[in-house]
1. Do any helices (runs of 4 or more DSSP H) lying entirely in the stretch 375-472 carry at least 3 residues that are within 30 Å of GLU353 (Cβ to Cβ) and in contact with a Ser or Thr (Cβ under 8 Å, 6 or more places away or on another chain), and which ones are they?
2. Is there a residue being within 24 Å of VAL473 (Cβ to Cβ), in a loop (DSSP other than H, G, I, E, B) and open to solvent by 30 Å² or more (accessible area, probe 1.4 Å) anywhere in the stretch 341-349?
3. Is there any pair linking a residue in the stretch 256-273 that is more than 17 Å from ASP476 (Cβ to Cβ) and basic (Lys, Arg) to one that is open to solvent by 30 Å² or more (accessible area, probe 1.4 Å) and in a loop (DSSP other than H, G, I, E, B), with Cβ under 9 Å and at least six apart or on different chains, and which?
4. Run down ASP86, ASP66, ASP79 and say which single residue is open to solvent by 70 Å² or more (accessible area, probe 1.4 Å), charged (D, E, K, R) and under 21 Å from GLY21 (Cβ atoms).
5. Which condition number does VAL161 fail, the rest of (1) open to solvent by 10 Å² or more (accessible area, probe 1.4 Å); (2) not in a loop (DSSP other than H, G, I, E, B) being met?
6. Within the bounds of the stretch 38-56, is there any residue that is closer than 22 Å to ALA116 by Cβ and open to solvent by 30 Å² or more (accessible area, probe 1.4 Å)?
7. Cβ-Cβ distance below 6 Å, separation of 6 or more or different chains: which pairs start in the stretch 114-143 with a residue that is under 18 Å from ILE431 (Cβ atoms) and in contact (Cβ under 8 Å) with a residue 60 or more places away in the chain and end on one that is part of a loop (DSSP other than H, G, I, E, B) and open to solvent by 50 Å² or more (accessible area, probe 1.4 Å)?
Amino acid sequence: MLNTDQQQTVGVVGAGTMGRGIVQLFAAAGHRVHCVDAVPGAARDALDAVGAMFDTLVAKGRMDADAARLARGAMSAHDDLAGLADCTLVIEAIVEDLSVKRTVFGDLERIVPREAILATNTSSLMVSEIAAGCERPERVAGLHFFNPVPLMRVVEVIAGVRTAPDVVARLRTLVASTGHRAIAAADQPGFVVNHAGRGLYTEGLRILEEQVCTHVEIDRVLRLSAGFRMGPFELLDLTGLDVSGRVMEAIYEQFQQEPRFRPSSLVPPRIAAGLHGRKSGEGWYRYQDCEREDAGLPAPAFPDGVSVWIDPEAPDAERLCALAGSHAVGQAEADSVLIVQPWGVDATTAALERGLDAARTGAVDPLPRLDRHRTAMMTAATLPRYRDAAHAMLASGDAGVTMIADSPGFICQRVLAVVVNIAANIAQRGIATVDDLEDAVRLGLGYPDGPLGWGDAIGPARVLTILEGLQRVTGDPRYRPAPWLARRARLGLSLLSPEPARHD
């Protein structure tokens, strides 16, 4: 528990899901917490729910009984903002409406002490725009929590254009007292977490738009090959397609229609049809007893008379030859399926650039380890017998196989390169430091690694190759490499290296 001199008096305006979580977090950490809601009795109901949660945690051995008693005693409920008169920090967690928030902040300025900080939990509005309606905008900042607040151990501290530096420092210290990680973010669309998370959604949707494979296969490949806890379509169903759709549109417009964040035309019709995800019982998946539908295709038998030639330059040439077994040949024969492993381009481009017969060429993604999952694509001209030979060869062993249509960068390469590129652009713009960015993504999005660390694991030069290949084949500016990334790749530097100081 905190020492008496470390305790703060925190006000929370709004007794909904986020407000309750914020109250629980600060009360459990040893701070005094006042909760206010405009609906009579709502604040008291919220504190009763938080108290019941403390009882549950004690029963499960996850909270000390004395700590729970002290936390319950530190909470108080009020039906009027006047109850926040002694607060050193007030956090607003109400409806995402600029005029309503400005009204609340204006009222708070007349109530709280002059040195008190006013923070907004907004996820989509500009902190600077909320602060602009205040007499003292320098004490206004963003304090963006994630649901469920006690479990999502990251909080974005957003400085508006006029926010005083000491306000950010005080908020970071206060957040740290709860055991959560405070991330300092500039007042830019999506801040850090929602900004960095765009790549998984937008590129997954783009792959589906191009009919590369089904949404089920995209999710499966990214789970099994890249280590995501959920694929983009599973996540869209979890967060709600109506909510995520609005966020995608907002970030695209707020970033002046930046191609990297271009939304998908597949989303509005599904929202209009009421397919919002788990909460509506159907989104990209149908939900029966909380289970989603899934399916897999069986592998064909290996065709008679076909041999397998593996490109000697393929990164996994030795392993692929082992999978081919007795079908492998050292020199391509007239009836050989020709297996290549390109970076950033499609099988068609790889075949033509290598002078191979496109009717017999197939490509295997070299990015994920072959013992996890295998993804293969054929050219538009590949004949069925050679497609079946590639599929049957890859299906040998324990790892699963996903056969997709011809696509530059397969699935994993495309998604991971875009995720890394967006993160590099965040670093380039100074929206967050490299360390804060990495922790924000790991804690806020649950990715297996931070995006720049992921880029280092793949190899910065390889990420650059993938992006350049994607842009060359598609002509789409969404894949243009961030200069920040390109410089480090060409200099052989880690993507975790920060921008050097320009002066001592």
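The values are calculated or read from the model by the stated rules, or taken from the named source; none is laboratory data. Keep in mind the model is a prediction, meaning the values are calculated, not measured. With ideal geometry, Cβ positions are generated from the backbone for all residues, glycine too; neighbour counts draw on all protein chains shown. All accessible areas refer to the heavy atoms of the entire protein, side chains included, with ligands and DNA or RNA removed. Shrake-Rupley method; radii C 1.70, N 1.55, O 1.52, S 1.80 Å.
1. Details: elements: 384-394, 412-428, 434-445, 451-458.
Counting at least 3 such residues, we get 412-428.
2. Taking the stretch 341-349 first, the residues within 24 Å of VAL473 (Cβ to Cβ) are 341-349.
Remaining after also requiring in a loop (DSSP other than H, G, I, E, B): 341-346.
Next, only the ones that are open to solvent by 30 Å² or more (accessible area, probe 1.4 Å) stay: 343.
Among the residues of the stretch 341-349, at least one is within 24 Å of VAL473 (Cβ to Cβ), in a loop (DSSP other than H, G, I, E, B) and open to solvent by 30 Å² or more (accessible area, probe 1.4 Å), which makes the answer yes.
3. ARG270/HIS276
4. On the way: ASP86 fails: under 21 Å from GLY21 (Cβ atoms); ASP66 fails: under 21 Å from GLY21 (Cβ atoms).
The match here is ASP79.
5. For VAL161, the failing item is (2).
6. Initial filter on the stretch 38-56 (closer than 22 Å to ALA116 by Cβ): 38, 43, 46-47.
If we keep only those that are open to solvent by 30 Å² or more (accessible area, probe 1.4 Å) too, we end up with 38.
So far as the stretch 38-56 goes, yes, one or more of its residues are closer than 22 Å to ALA116 by Cβ and open to solvent by 30 Å² or more (accessible area, probe 1.4 Å).
7. Pairs that qualify, where the first residue is under 18 Å from ILE431 (Cβ atoms) and in contact (Cβ under 8 Å) with a residue 60 or more places away in the chain and the partner is part of a loop (DSSP other than H, G, I, E, B) and open to solvent by 50 Å² or more (accessible area, probe 1.4 Å), are SER124/GLU96.
Conditions (1) of a type in the set (Lys, Arg); (2) in a loop (DSSP other than H, G, I, E, B); (3) touching a strand residue (DSSP E or B) at 6+ places or on another chain (Cβ under 7 Å); (4) closer than 14 Å to ALA68 by Cβ, marked per residue:
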{"residue": "VAL10", "(1), (2), (3), (4)": "no, no, yes, no"}
{"residue": "MET18", "(1), (2), (3), (4)": "no, no, no, no"}
{"residue": "GLY21", "(1), (2), (3), (4)": "no, no, no, no"}
{"residue": "GLN24", "(1), (2), (3), (4)": "no, no, no, yes"}
{"residue": "GLY30", "(1), (2), (3), (4)": "no, yes, no, yes"}
{"residue": "HIS34", "(1), (2), (3), (4)": "no, no, yes, no"}
{"residue": "ALA38", "(1), (2), (3), (4)": "no, yes, no, no"}
{"residue": "GLY51", "(1), (2), (3), (4)": "no, no, no, yes"}
